[in-house]
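Each remark here refers to the structure printed beneath this line.
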Amino acid sequence: MATKPAPTARRLRLGSELRRLRDRAGLTSTAAGELLGMRPGPISNIETARFGVSGDRVRAMASAYGCRDEAFITALADMAQERTRGWWEEYQGILPAGLLDLAEFEHHAIGFRTVHTAHVPGLLQTAEHAREIYRQAVPSFSPPEVEHRVSHRIKRQTILYRDAPVPYRAIIHEAALRMRFGGAVVAQAQLRHLLELSEMAHVTIRVIPFALGSFPGSGQTACYGYGAVPQLDTVQLDQAHGVTFIDTEAQLTQYRLLFERLDAVALAETESRDFIHRIAESLRKEAP
């Protein structure tokens with residue numbers, strides 16, 4: 001018998017939002033079931049994403065729980081009704097589930113804010129830059145594993161090039177810009193790529209220079225993804241064990257404040273482009 005695939009992070013998010021609505025209404029699973037004409041078991045299975053749920057059922061649950069935010073309810077119903085397979089499912093069983101969840105998260109978000117200290121953001125990397133990063137992984141990846149990860153990373157970048165590209169705002173520390181993954185030639189090409197991207201209307205790249213000294217966030221990497229409504233915003237973090245998503249209101253508020261403070265200290269866009277250009281030029285002089 002085939003093993004049923006684990007629920008995706010997006011399906012788990014839908015379930016957790018329904019549970020939050022029920023909790024805010026002060027209802028147990030049993031009490032909610034009485035209102036909805038359901039047994040407690042199926043409600044629990046919907047909330048943990050073991051069972052699927054229709055858009056109509058989502059609307060009925062939200063109504064029973066006293067939610068009157070139509071935009072939020074519609075966004076949840078839309079999540080429930082998604083049936084299209086995404087390109088990332090080609091990597092099922094090849095790459096870790098967290099990377100598939102990351103691609104799905106990026107596909108559905110309507111905008112991003114990111115901060116990176118040691119690495120250029122994955123969505124802004126060249127293939128050669130990404131390849132060199134994966135070659136340095138511990139434990140090591142085999143050549144095919146490296147290429148699978150590189151191709152997945154490049155396909156994720158589609159969101160920046162599609163007909164309705166996603167607004168993307170990145171704050172990158174000088175440390176990441178001076179990393180020489182693959183040597184001077186690869187590093188210079190990566191910086192030139194950043195300069196080209198920064199000319200796109202929907203891409204903003206700003207730099208935090210070493211000269212600033214201390215800055216908000218203690219050097220952590222974070223990606224803030226905007227959902228269809230603010231309640232469905234999500235923060236994605238890179239942890240040693242893999243991709244992590246956080247989405248409680250307290251956590252979202254914390255990261256909104258972080259990005260406001262980072263915006264206040266990062267170089268302006270034009271200054272940032274000039275800064276990146278100078279580093280690229282210094283590498284050009286060193287390249288063979």
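Where a number appears in this text, it was derived from the coordinates with a stated rule and is not lab data. Just so it is clear, the structure is predicted and the values come from calculations on it, not from any experiment. Glycine also receives a Cβ, built like all others from the backbone with ideal geometry; neighbour counts cover every protein chain displayed.
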Next item on the list: Please compute the net charge surrounding residue 263, taking Lys and Arg as +1 and Asp and Glu as -1 over other residues with Cβ under 12 Å from its Cβ.
Entry: +3
Margin query: What does DSSP give for the chain in terms of the percent of beta bridges that are antiparallel, rounded to the nearest 5?
Written below: 50
Next item on the list: Quote the relative contact order of the chain in percent (integer), defining contacts as alpha-carbon pairs under 8 Å separated by 6+ residues.
Entry: 17
Next item on the list: Note the listed values [x] 19.1, 56; [y] 21.4, 74; [z] 17.7, 51, then indicate which one is Rg and Dmax of the Cα atoms in Å calculated from this particular structure.
Entry: [y]
Check: Tell me, 238, 163 in order of fewest to most beta-carbon neighbours within 10 Å?
Finding: 163, 238
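How would you rank 94, 208, 73, 172, going from fewest to most other Cβ atoms within 10 Å of each one's own Cβ?
Result, fewest neighbours first: 94, 73, 172, 208.
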Checklist line | Likely footprinting exposure, 51, 105, fewest C-beta neighbours within 10 Å first | finding: 51, 105
Check: Between the stretch 223-255 and the stretch 128-179, what is the C-alpha centre distance in whole Å?
Finding: 20
